[in-house]
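Taking it in order: structure first as structure tokens, then the write-up.
Just so it is clear, none of the values below were taken in a lab; they were calculated from the coordinates. None of the values given here were measured: they were computed from a predicted structure. Note that each Cβ is placed from the backbone with ideal geometry, even for glycine, and that neighbours are counted across all protein chains shown.
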Amino acid sequence: MSTSLRDALATQYALDAATLRKSILDRLRDEFGYEIASSSKSHPLLIAHRAERKAISSIEHAKVKTGNLERCKGLVNHAQNKWIAEANRNISTAQSNLNSATTNEARDVALTDLQHWRN
């Protein structure tokens, strides 16, 4: 691309950008009734927009945290319903076997099983 063509395009793009910026600022003035200074970083509209973005971000973050909390609750319920319930049943069975054991060998087996399930 030649330098003159590049310069012509850059000039046209700058003009288009300035026209678009003016159009946007005119529309904002018409919609909200006040001017936005180009260097104003503390303009009420900009402050409100930043606050809105921050609030939306906080809401999204809270949704993620809530989802993680629900997943954790589900894992705890799963553990209580499956693993802990199974361990409790096996402890009861081992305790019953220990109580009903009549020989030393049966008592040792039942005691080993009971210790396994309690740990």
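Straight-distance candidates among the lysines for linking to Lys73, with alpha-carbon spacing under 25 Å and chain neighbours fewer than 8 residues away dropped: Lys63, Lys65, Lys82. Taking a straight line from the alpha carbon of Lys22, these lysines sit under 23 Å away, with near neighbours fewer than eight places off in the same chain left out: Lys41. Computed over the chain, relative contact order equals 12 percent, with contacts defined as Cα pairs under 8 Å that lie 6+ residues apart. Sorting the Cα pairs of segment 1-110 by distance into bins of 10 Å, from 0 upward, gives 11, 15, 13, 13, 11, 9, 8, 7, 7, 6, 0 percent per bin. The charge dipole of segment 12-119, taken about the Cα centre with unit charges on the Cβ atoms of Lys, Arg (+1) and Asp, Glu (-1), comes to about 280 debye, rounded to the nearest 20.
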